[in-house]
1. What share of the DSSP beta bridges in the chain is antiparallel, in percent to the nearest 5?
2. Measure nothing fancy, just the Cα-based angle from helix 172-195's long axis to the longest principal axis of the chain, in degrees from 0 to 90, nearest 10.
3. Considering amide H positions built from the backbone, and no H for Pro or chain starts, which residues 5 or more places from Gln282, or on another chain, come under 5 Å of its amide H?
4. Hey, can you rank 320-329, 102-111, 149-158 by average C-beta count inside 10 Å, highest first?
5. What is the dipole size for the range 5-345, taken about its Cα centre, with +1 at each Lys and Arg Cβ and -1 at each Asp and Glu Cβ, in debye to the nearest 20?
6. How big is the range 232-346 in terms of Cα radius of gyration and Dmax, in angstroms?
7. State the extension gain, in nm to one decimal, for the chain segment bounded by Asp342 and Arg171, taking 0.36 nm per residue of separation less the distance between their alpha-carbons.
8. Give the calculated FRET efficiency between Glu132 and Asp104 to the nearest 0.05, with a Förster radius of 30 Å applied to their Cβ-Cβ distance.
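The values are calculated or read from the model by the stated rules, or taken from the named source; none is laboratory data. No experiment lies behind these values; they were computed from the predicted model shown. Cβ placement follows ideal geometry from the backbone for every residue including glycine, while neighbour counts extend to all protein chains displayed. What goes into the accessible areas is simple: the full protein's heavy atoms, side chains included, and nothing from ligands, DNA or RNA. Shrake-Rupley method; radii C 1.70, N 1.55, O 1.52, S 1.80 Å.
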Amino acid sequence: MADASLLQELRGVRAPTPSVWFMRQAGRSLPEYRSLREGTTMLDSCVRPDMAAEITVQPVRRHRVDAGIFFSDIVVPARLAGLGVEIQPGVGPVFDHPVRTEADIDALPALGDRYEAALEPIREAVRLTVAELGTTPLIGFAGAPFTVASYMVEGGPSRDHLRTRALMRSRPELWARLAAWVAELSGRFLRAQVLAGASAVQLFDSWVGSLGEDVYRTHVQAHSAATLAHVADLPVPRIHFGVGAAHLLTPMLEAGATAIGVDHRLRLDRALGVLPAGTPVQGNIDPAVLFTSEEARFAEARSVLTAGAGASGHVVNLGHGVPPTTDPQVLTDLVAFLHAQDVRRA
Ligand code: CP3
């Protein structure tokens with residue numbers, strides 16, 4: 001398993017054939033996912049180990065991608081810790097009680113033995129998944145403190161996370177308590193996945209691009225670092241990804257990541273130009289090409305390989321998640337195309 005090319009790329013060892021997985025590869029783009037999920041809510045499916053394992057394996061079986069991404073969600077840990085949260089279809093995570101005041105933060109549940117016990121379905125799902133995946137590595141994940149806390153503070157999805165960003169500036173000590181709580185929540189969730197068999201982790205800070213670098217360094221970076229520190233003693237690569245975060249790549253790496261995920265807005269060679277030499281990168285095919293022609297898709301894939309050719313390691317991915325309306329065959333064909341390329345000629 002440690003030999004899997006994808007893990008080697010994440011450690012900075014190149015293979016001739018590209019390795020690829022897709023963010024949100026498990027989920028609504030697959031008919032087998034939709035039929036399995038029928039009658040079960042999103043969050044309930046995440047705590048049914050057999051279901052979570054099967055959904056994780058579905059895209060690996062179908063597309064022949066080089067890794068599974070554990071089927072769960074960034075708000076599953078909050079649910080397991082006892083908070084009222086649902087995922088509304090077509091909307092996203094919605095919390096029963098937004099967390100905005102000192103009293104709200106005082107009322108957050110402790111993250112001790114009860115939370116560790118509540119993580120058992122996650123451990124069981126990871127064990128089942130890893131057994132099923134065989135030599136294909138499983139990537140575990142968690143949401144970073146800013147992105148998860150933004151859902152908690154706003155109460156649900158928001159365009160610019162204004163309340164969260166205002167909280168940081170107006171009540172920095174309250175924000176720090178909330179972010180530290182999420183760091184512990186997500187950190188323990190990550191560690192549980194790795195101890196149960198995940199071979200790499202990705203920290204999703206999807207909405208971090210709404211922060212300037214100074215605010216990131218002052219109010220966020222230490223909390224993301226605290227999250228990643230939960231797995232830093234374990235021998236797994238740590239990928240850190242944000243959307244629209246071209247200006248934050250270096251501080252995100254400095255938060256304790258070992259590889260950086262890049263979205264489709266920034267060319268990989270430009271990302272490599274700002275990151276310290278030797279940093280492995282992941283990305284960054286524009287998801288929009290999934291809705292164009294095969295010619296355009298393969299041209300984009302080639303150009304991503306070329307832009308990543310100078311990296312110490314490169315794992316191919318999309319610049320963000322698979323849109324639910326994607327034709328699955330398009331992904332299968334894209335994987336086959338990538339596996340037929342020789343990066344030494346890219
Ligand atoms: O293939 C995978 O990546 C599967 C695991 C996964 C899910 N969510 C499953 C899911 C992962 C890694 C996530 C992470 C996640 N969740 C992020 C970070 C990644 C990103 O896309 O930026 C974020 C921001 C969330 C919060 C969230 N959960 C959103 C915005 C949504 C979409 C809401 C919608 O319906 O459009 C969800 C729901 C969700 N998470 C679904 C899946 C498969 C859809 C649920 C369904 O089937 O109805």
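1. Numbers: 4 of 25 bridges.
Bridges in the chain are about 15 percent antiparallel.
2. Taking Cα atoms only, the helix is inclined about 50 degrees.
3. The list, which skips near neighbours in sequence, is Ile260, Gly261, Val262, Val315.
4. On the way: 320-329: 16.1, 102-111: 13.3, 149-158: 21.2.
Per-residue Cβ counts within 10 Å, averaged per peptide and sorted highest first, yield 149-158, 320-329, 102-111.
5. Values: 32 positive and 36 negative charges, 110 e Å.
With only Lys, Arg, Asp and Glu charged at Cβ, the dipole is about 520 debye.
6. In order Rg, Dmax, the Cα atoms of the range 232-346 give 14.3, 45 Å.
7. Working: separation 171, 0.36 × 171 = 61.56 nm, distance 5.24 nm.
That works out to 56.3 nm of additional length.
8. Details: r = 40 Å, r/R0 = 1.34.
That gives a FRET efficiency of 0.15.
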